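S.K.: Please see the structure below; I have some questions.
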Amino acid sequence: MHRFLLGLIQLNSGTDVDLNLQKCENFVREGASEGAKLVGLPENFPFLGSEKEKLERAEEIKTKTVTLLSDISNKLNITILAGGFPNPAPNGKVFNTSIIFGPDGKEKFEYHKIHLFDTDPGDGIEYRESRTVESGKIIPETYKSPELGNISSVICYDLRFPELFREIMKKDADMIFVPSAFTKITGQAHWEILLRARAIENQCFIFAPAQTGIHLKGRETYGHSMVIDPWGNILGDAGEGEKLLLTEIDLEEVQKVRKKIPALKHRQDL
């Protein structure tokens, strides 16, 4: 099994796509210079603004994002999780999409967010993601990286649906990304406990790069990008503010935990 250095990038993204992507590139390059082999970006990393502007600029955002990350993953020989960005859908909406770029710069994994954030969590903002985003219908696959192990990803609100994680585990995931833009109010209440629960239930690593701080029209995200091991231990917590969180990952911990308590083997369909 493998040991490697993981980098999670915590951002305060806004409406300036070029600026957002420049910050992403700077952090990815910093991670690579420190020896990171896998880097994760949060949900909405290239753009976090109005829904109207997101639809109008979706093709531009996608093109700039894919071009940049394909190029730098290849140049730096690093694997990058593009945590969530608008990807034009056939019906005029967009998919909220995550992609994994391998160290050769090629796309290895693509997932469209299934569970859309249509809520009123209590922070004075009405969230209706489904107005502009089309729900994905396909369970995430697992990218079986020969260098790193078996990687999958959900996106943000998917975290609250444990059945999705169970389906992913049927595809032999060792680690699952949860790129997010969790609201501050829900993050304070539920973020850590949900991340730790998903890690413990599925006996896998959970990597959760997050948005942080104040965004357009007072929207506030929680930050606290986290790395959780298969026993539920917090290996890293980025707190608040934009930063790169580096954490050493030992994938032998996955098999150690599954040997101690073989819950995945004991699971029954009820």
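S.K.: Which pairs, out of Lys106/Lys243; Lys106/Lys260; Lys75/Lys259, put more than 30 Å between their alpha-carbon atoms? Intermediate results must be reported in sequence, preceding the final value.
M.R.: Details: Lys106/Lys243 26 Å; Lys106/Lys260 37 Å; Lys75/Lys259 38 Å.
Violating the 30 Å Cα-Cα cut-off are Lys106/Lys260; Lys75/Lys259.
S.K.: Further question on the same structure: Check each of the trypsin sites (Lys or Arg not before Pro) in the stretch 207-270 and keep only those in coil by DSSP with at most 14 other C-beta atoms within 10 angstrom; list them in order. If you can, show how the numbers build up before the last one.
M.R.: Values: sites: Lys217, Arg219, Lys243, Lys256, Arg258, Lys259, Lys260, Lys265, Arg267; in loops: Arg219, Arg267.
Answer by residue number: Arg267.
S.K.: Continuing with the same structure: State the percentage of accessible surface on the stretch 188-270 attributable to carbon and sulfur atoms; use a 1.4 Å probe and exclude ligands, DNA and RNA.
M.R.: Working: 2130 of 4260 Å².
That share works out to 50 percent.
S.K.: Next question. Which FRET efficiency, nearest 0.05, do Glu240 and His2 yield, Cβ-Cβ r, R0 35 Å? Intermediate values should be presented prior to the final figure.
M.R.: Working: r = 31 Å, r/R0 = 0.89.
So, using R0 = 35 Å, E works out to roughly 0.65.
S.K.: Return the inverse of the average 1/r over all pairs of distinct C-alpha atoms in the chain, which is the Kirkwood hydrodynamic radius, in Å to one decimal.
M.R.: Numbers: mean 1/r = 0.0548 Å⁻¹.
Its Kirkwood hydrodynamic radius stands at 18.3 Å.
S.K.: Of the listed pairs Lys93/Lys137; Lys108/Lys265; Lys37/Lys113; Lys171/Lys256, which have alpha-carbon separations greater than 21 Å here?
M.R.: Details: Lys93/Lys137 15 Å; Lys108/Lys265 28 Å; Lys37/Lys113 25 Å; Lys171/Lys256 19 Å.
In this structure, Lys108/Lys265; Lys37/Lys113 exceed 21 Å between Cα atoms.
S.K.: Once label points are set 7 Å from the Cα along Cα→Cβ at both Glu126 and Ser50, what is their separation, rounded to one decimal in nm?
M.R.: 1.6 nm
S.K.: Calculate the FRET efficiency for Asp172 and Leu270 from the Cβ-Cβ distance with a Förster distance of 25 Å, rounded to the nearest 0.05.
M.R.: Values: r = 22 Å, r/R0 = 0.90.
Efficiency, rounded to the nearest 0.05: 0.65.
S.K.: Ok, one more. Show me the GluC sites (Glu not before Pro) within the stretch 1-53 that DSSP assigns to loop and that have at most 14 other Cβ atoms within 10 Å of their Cβ. Before the final figure, lay out the partial values.
M.R.: Working: sites: Glu25, Glu30, Glu34, Glu43, Glu51, Glu53; in loops: none.
Of the GluC sites (Glu not before Pro), not one in the loops of the stretch 1-53 has a Cβ with at most 14 other Cβ atoms within 10 Å.
S.K.: A further question follows. Under a 1.4 Å probe, what is the accessible area of the stretch 65-176 per residue, stated in Å²?
M.R.: For the stretch 65-176, the solvent-accessible area averages 39 Å² per residue.
S.K.: Also, I was wondering about something else. Give me the log10 of I(q) over I(0) for the stretch 144-215 at q = 0.15, 0.21, 0.27 Å⁻¹, as the Debye formula computes it from C-alpha points; what are the numbers?
M.R.: Values returned for q = 0.15, 0.21, 0.27 Å⁻¹ are -0.48, -0.87, -1.28.
The values are calculated or read from the model by the stated rules, or taken from the named source; none is laboratory data. All of these numbers come straight from a predicted model, not from anything done at the bench. Cβ: placed from backbone, ideal geometry, glycine included. Neighbour counts: every protein chain shown. Please note that ligands, DNA and RNA were not included when accessible areas were found on the heavy atoms of the full protein model with its side chains. Shrake-Rupley method; radii C 1.70, N 1.55, O 1.52, S 1.80 Å.
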